[in-house]
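Working notes, beginning with the structure itself.
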Amino acid sequence: MDNKVLLILERSSTNLTVENNNKRIYEEKEYLPHLDYLKKKIAENRLMGELDHPDKFEVSLDKVSHIIESLDYDSKSRQIKGRVRVLDTPSGKIARSLIDSNVPISISSRAAGTVSESKKVNIKRIFTYDLVADPGFN
């Protein structure tokens with residue numbers, strides 16, 4: 001097994017399930033602890049994302065399209081629910097145009113971690129949530 005940290009990009013619009021479309025397994029106990037530091041960034045108005053996933057962990061301010069305003073785990077439905085506000089930036093204007101044209105846009109986490117041979121994901125850090133065309137979760 002390769003223990004290098006890699007960029008893990010996931011897209012979700014439904015329940016946190018055992019295996020997603022990328023054939024990776026996410027466990028609640030692995031994912032949920034990360035919500036604490038993400039909520040702190042939300043409280044500081046600093047959890048922003050981009051239109052499409054970049055090839056790096058950090059958010060580029062010149063590519064920001066939206067800000068995450070809330071993020072909560074609903075244990076009954078086993079879903080992470082959030083509110084995203086599209087910004088009046090160049091990338092945000094593209095996102096808004098797509099939304100206004102009824103183009104479906106999904107949300108996807110941008111994280112660092114490892115994937116074991118059994119396909120279980122070990123998340124080191126979630127950096128943000130990006131707007132993407134195709135979700136990893138249905």
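General remarks:
- Carbon + sulfur, % of accessible area of the range 27-87 - ligands and nucleic acids excluded, 1.4 Å: 46 percent
- Converting phi to 3J(HN,Hα) with the Karplus coefficients 6.51, -1.76 and 1.60 and the offset θ = phi - 60°, the range 34-43 yields 6, 5, 4, 6, 5, 5, 5, 5, 4, 4 Hz in sequence order, with x at every glycine or proline.
- Listed pairs 40/76; 40/119; 39/76; 29/63; 39/124; 63/93 exceeding 22 Å between Cα atoms: 40/76; 40/119; 29/63
- Residue 35 paired with residue 55, simple spin-label distance in nm, labels 7 Å along Cα-to-beta-carbon: 3.4 nm
- Packing, as the average of other Cβ atoms within 10 Å across residues, places the peptides 127-133, 103-109, 88-94 in the order 127-133, 103-109, 88-94, highest first.
- Note on the range 15-138: Cα convex hull, mean projected area over all directions, 7.7 nm².
- Computed over the range 23-92, the P(r) curve from all C-alpha pair distances, binned at 5 Å from the origin, holds 4, 14, 21, 22, 21, 12, 5, 1 percent per bin.
- Net dipole in debye of the range 17-124 [+1 Lys, Arg Cβ; -1 Asp, Glu Cβ; about Cα centre; nearest 20]: 160 debye
The values are calculated or read from the model by the stated rules, or taken from the named source; none is laboratory data. None of the values given here were measured: they were computed from a predicted structure. Reconstructed Cβ throughout: ideal geometry from the backbone, glycine too, with neighbour counts over all protein chains shown. These area figures cover heavy atoms from the full protein model, side chains too; ligands, DNA and RNA do not enter into them. Shrake-Rupley method; radii C 1.70, N 1.55, O 1.52, S 1.80 Å.
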